[in-house]
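Here is the structure we will look at.
The values are calculated or read from the model by the stated rules, or taken from the named source; none is laboratory data. Since this is a predicted model, take the numbers as computed values, not measurements. Heads up, the Cβs are rebuilt from the backbone with ideal geometry, glycines too, and the neighbour counts pull from every protein chain shown.
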Amino acid sequence: MTDVQEIANRIVDNVERVIVGKPEAVQLTVLGLLCQGHLLIEDVPGVGKTVLAKSLARSVGCAFQRIQFTPDMLPSDVTGVSIFSQKTREFEFREGPIFAQIVLVDEINRATPKTQSSLLEAMEERQVTVDGKTYELERPFMVLATQNPIEYEGTFPLPEAQLDRFLLRIQLGYPDKQHEILILDRQQYVHPVDEIRQVVSVEELLAAQKAVKDVYIDEKVKEYIVEIVRQTRVHPEVYLGSSSRGALAIYRLGQARAAVFGRDYVLPDDVKSLVESALSHRIIVGPAARIKDIEPATIVNEILERVPVPGAQVRA
């Protein structure tokens, strides 16, 4: 797992040259990349959501596209469209911005549900179907979507099917005083993102993504993951719990976290550190819980305290 750890550290160190004072968010982003997952970045404007996506793409040398979602956007603006060519007398497919390796979908909840749904196939199957023809997307492929949790006027809430396809939901938050001063100093002459250079090749990244899947997970840890997910479905304050995608997300993220820390096995502590980011957005709280302002994260942490942690077991 040394190679995975080295690759992850190179990416993290490079991105942290731009994203100051947010090591946990940067690490979760890199874990999502290693797991071939997609990220929902939910935070107020101006905290570095777009810069995080740009820095990640430049660090790994991947093709990057930014899509600004607006209410008048159509699905073809995302996936592409077939245009009749007067020269060849045939329809030619013009690729949309989704045909990139790292795609930033800015303010995803400002587009209509019809346009939001244009991402579903790409996020799940890594392909796009237009006019009955399927086009494969280049690997690695990752969607980083942003949304503002405060301003809801003119927005369309993401449906459960869309939320469930995001491996993680992360928040950056405001920097503390010292880090904010450091941000001012670093941007005196030029934005740090303009100086970001590639530190990992695409081939190295693909190899790391493959190596992550070889990390061992004990049966007791698997049972621990499944029990946490099952508890979200029977909790009295939950209207709709996590699907099996939630369990698989924790499974993959646990493998990636173990590899990043130089281990070839997953610990219960890996699971506990990832559950909130992997499950909170997959849970819909009931009406009574909404009245009491109970957040999904609160429910997830309550479940973590209640589900017994598996004891140590010698690997055969």
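Restricting attention to the stretch 139-160, report how many residues are loosely packed, with under 12 Cβ neighbours inside 10 Å, out of contact with any Lys or Arg (no Cβ under 8 Å at 6 or more places or on another chain) and of a type outside the set (Asp, Glu). Walk me through how you get there before you give the answer.
Restricting attention to the stretch 139-160, the residues satisfying the condition of being loosely packed, with under 12 Cβ neighbours inside 10 Å are 149-150, 152-154.
Subset that is out of contact with any Lys or Arg (no Cβ under 8 Å at 6 or more places or on another chain): 149-150, 152-153.
Right, trim to of a type outside the set (Asp, Glu) and you get 149-150, 152.
Of the residues in that region, 3 qualify.
Among helices (runs of 4 or more DSSP H) lying entirely in the stretch 1-95, which contain 2 or more residues that are assigned by TED's automatic domain parsing to the domain that holds PRO192 and either within 23 Å of ARG252 (Cβ to Cβ) or in contact with a helix residue (DSSP H, G or I) (Cβ under 9 Å, 6 or more places away or on another chain) (or both)? Step through it out loud before you land on a result.
Numbers: elements: 2-15, 23-34, 49-60, 76-79.
Because the criterion is at least 2 residues that are assigned by TED's automatic domain parsing to the domain that holds PRO192 and either within 23 Å of ARG252 (Cβ to Cβ) or in contact with a helix residue (DSSP H, G or I) (Cβ under 9 Å, 6 or more places away or on another chain) (or both), the helices (runs of 4 or more DSSP H) in the stretch 1-95 that meet it are 2-15, 23-34, 49-60.
Quick one: is ALA53 among the aliphatic types (A, V, I, L, M), over 14 Å from the mean Cα position of the chain (by Cα) and either within 30 Å of ASP176 (Cβ to Cβ) or surrounded by fewer than 22 Cβ atoms within 10 Å (Cβ to Cβ) (or both)? Spell out the reasoning first.
On the way: among the aliphatic types (A, V, I, L, M): yes; over 14 Å from the mean Cα position of the chain (by Cα): no; either within 30 Å of ASP176 (Cβ to Cβ) or surrounded by fewer than 22 Cβ atoms within 10 Å (Cβ to Cβ) (or both): yes.
No; evaluated as a whole, the condition is false for this residue.
Can you find even one residue in the stretch 240-249 that is over 22 Å from ALA289 (Cβ atoms), surrounded by 16 or more Cβ atoms within 10 Å (Cβ to Cβ), small (Gly, Ala, Ser) and assigned by TED's automatic domain parsing to the domain that holds VAL309?
yes
Which condition number does THR129 fail, the rest of (1) within 23 Å of GLY46 (Cβ to Cβ); (2) part of a strand (DSSP E or B) being met?
Single failed check for THR129: (1).
Mind listing just one residue for me: the one in the stretch 86-112 that is closer than 24 Å to VAL60 by Cα and of a type in the set (Gly, Ala, Ser) and, of those, farthest from the chain's Cα centre (by Cα)?
GLY96
Being touching a residue at least 40 places away in the same chain (Cβ under 8 Å), among the β-branched types (Val, Ile, Thr) and not assigned by TED's automatic domain parsing to the domain that holds ASP3 narrows it down to one of VAL234, VAL271, so name that one.
On the way: VAL234 fails: touching a residue at least 40 places away in the same chain (Cβ under 8 Å).
Within the list VAL234, VAL271, the selection yields VAL271.
Within the stretch 281-304, track down each residue that is surrounded by 20 or more Cβ atoms within 10 Å (Cβ to Cβ), out of contact with any Leu (no Cβ under 7 Å at 6 or more places or on another chain) and of a type outside the set (A, V, I, L, M, F, W, C).
PRO296, the sole residue that qualifies.
Scan the stretch 206-218 and report the pairs whose first residue is more than 13 Å from GLY32 (Cα to Cα) and whose second residue is outside any helix (DSSP H, G or I) and among the polar types (S, T, N, Q), with Cβ atoms within less than 6 Å and a gap of 6+ or a chain change.
Note: pairs meeting the criteria are ASP218/GLN313.
When you go through LEU182, LEU163 one by one, which is the residue that is under 30 Å from SER244 (Cβ atoms), surrounded by 12 or more Cβ atoms within 10 Å (Cβ to Cβ) and touching a residue at least 24 places away in the same chain (Cβ under 8 Å)? Reasoning before the result, please.
Values: LEU182 fails: under 30 Å from SER244 (Cβ atoms).
The conditions single out LEU163.
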